[in-house]
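A quick write-up on the structure given underneath.
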Amino acid sequence: GEDVEQSLFLSVREGDSSVINCTYTDSSSTYLYWYKQEPGAGLQLLTYIFSNMDMKQDQRLTVLLNKKDKHLSLRIADTQTGDSAIYFCAESFSSGKLIFGQGTELSVKP
Amino acid sequence: DAGVIQSPRHEVTEMGQEVTLRCKPISGHNSLFWYRQTMMRGLELLIYFNNNVPIDDSGMPEDRFSAKMPNASFSTLKIQPSEPRDSAVYFCASSLRFSTGELFFGEGSRLTVL
C-alpha cells in the first residue's frame, strides 16, 4: 500500500542541524520529495531525490535515502528561525499519484 | 508568471449549502491535483487530472464531492450538500508533466461549514 509516516514535531536551536525523518511503505515509487509549508500558504517544493540515489546535497539541505529500510531524511544545516515551518515528505508513482506524509512541524528557537 | 490561483481564499457557509471551489492552474501545466488538509488527517489527495481527464478519484470522500476540469485553465471542486466535517483547507496544485511530483500549489481555500 501507499503510506508515508513522519514524526509530528521537532524543536531545535538556531545554528544547530535539523534532521527530519520519513518512512514509506511502497518501494515502487520513482522519486521522493521534500516540501515546505509556511503558515497560511501552500506547499513549496524544496528538493527531491531519484529512488536509485543514496544522497543529494543542495546548499544547506542534505537528503539521504535508505531504500532497503524505506527511510528518507532531510538534514538542514545551520538552521535559522526562517526555517520554522511544516516539512512534508512525499513519494510519487508512475500512476501520477503523489502521496504526502503528515508533516513535521519544525520549531527553531533563537 | 502567475502561480496557481484559487478562489475563494476563505468561505464560511452553513450545513447543507452548496460550496464551489475554483482553481486556475499554471499555464502550460497538464496535470492538476486537489488535496484537502486537516489537522486530523493531514494532506489527503482527493482527485487528479491529466490533460483535463480525471485519472483517479478514489480519494473523494463521498458522492457529495465532485470535481470537473472543463478545460486546461480551470477546475472546480464542488461539495453538495456541505457538512461541518468538510471544514478544511482545500489545495489545488498543478504540474508540468504527468507522474512527476513537482507540484506547484495554490494558497488554498479555507472552508468552514457551520
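The simple Förster model, with R0 at 35 Å and r as the Cβ-Cβ distance, assigns B:Arg64 and A:Ala77 a FRET efficiency of 0.15.
Any idea what % of Cα-Cα pairs in region A:18-82 are farther than 19 Å? Don't skip to the answer; put the middle values down first.
Values: 671 of 2080 pairs.
Of all Cα-Cα pairs in region A:18-82, 32 percent lie more than 19 Å apart.
Neighbours of A:Ile76, meaning other residues whose beta-carbon lies under 13 angstrom from its beta-carbon, give a summed charge of -1 when Lys and Arg score +1 and Asp and Glu score -1.
Per-residue Cβ counts within 10 Å, from other chains only, averaged over A:36-42: what number is that? Walk me through the numbers before you get to the answer.
Numbers: counts 0, 5, 0, 0, 5, 4, 15.
So the per-residue partner count for this stretch is 4.
Between B:Ser73, B:Ser31, B:Ser99, the Gaussian network model of chain B with springs among Cα atoms under 10 angstrom shows the greatest mean-square fluctuation at B:Ser99. Within the same chain, aspartates and glutamates fewer than 8 places from B:Lys24 are excluded, and of the rest, those with a Cα less than 12 Å from its Cα are B:Glu107.
Each residue, B:Arg41 and A:Glu14, gets one label point 7 Å from its Cα in the Cβ direction; the gap between the two is 3.9 nm. Within region B:39-97, the trypsin sites (Lys or Arg not before Pro) that combine a DSSP coil assignment with at most 15 other C-beta atoms in a 10 angstrom radius are B:Arg41, B:Arg64, B:Arg97. Ellipsoid fit via the Cα gyration tensor, chain B: semi-axes of 23, 14, 13 Å, each the root of five times an eigenvalue, largest first. Computed over chain B with a Gaussian network model linking Cα atoms closer than 10 Å, the most mobile of B:Val12, B:Val53, B:Val89 is B:Val12. Looking at region A:13-110, the trypsin sites (Lys or Arg not before Pro) that sit in a DSSP loop and have at most 12 other Cβ atoms within 10 Å of their own Cβ are A:Lys68.
When you filter the GluC sites (Glu not before Pro) in region B:31-114 for DSSP loop state and at most 13 other Cβ atoms inside 10 Å of their Cβ, you are left with B:Glu62.
Under 15 Å of direct C-alpha separation, and excluding same-chain neighbours fewer than eight residues apart, A:Lys70 reaches these aspartates and glutamates: A:Glu2, A:Asp3, A:Glu5, A:Asp26, A:Asp54, A:Glu91. Ordering B:Met15, B:Met69, A:Met55 by the number of other Cβ atoms within 10 Å of each residue's own Cβ, fewest first, gives A:Met55, B:Met15, B:Met69. Taking the Cα centre of chain A as origin and assigning +1 to Lys and Arg Cβ atoms and -1 to Asp and Glu Cβ atoms, the resulting dipole is close to 160 debye. Electrostatic bookkeeping for B:Val113 treats Lys and Arg as +1 and Asp and Glu as -1; over the other residues with beta carbon under 10 Å from its beta carbon, the sum is -3.
Just so you know, all these numbers are worked out from the coordinates, no wet-lab data involved. Remember, predicted model here, so these are calculated numbers, not experimental data. For neighbour counting, all protein chains shown are included, and Cβ atoms are generated from backbone atoms with ideal geometry for every residue, glycine included.
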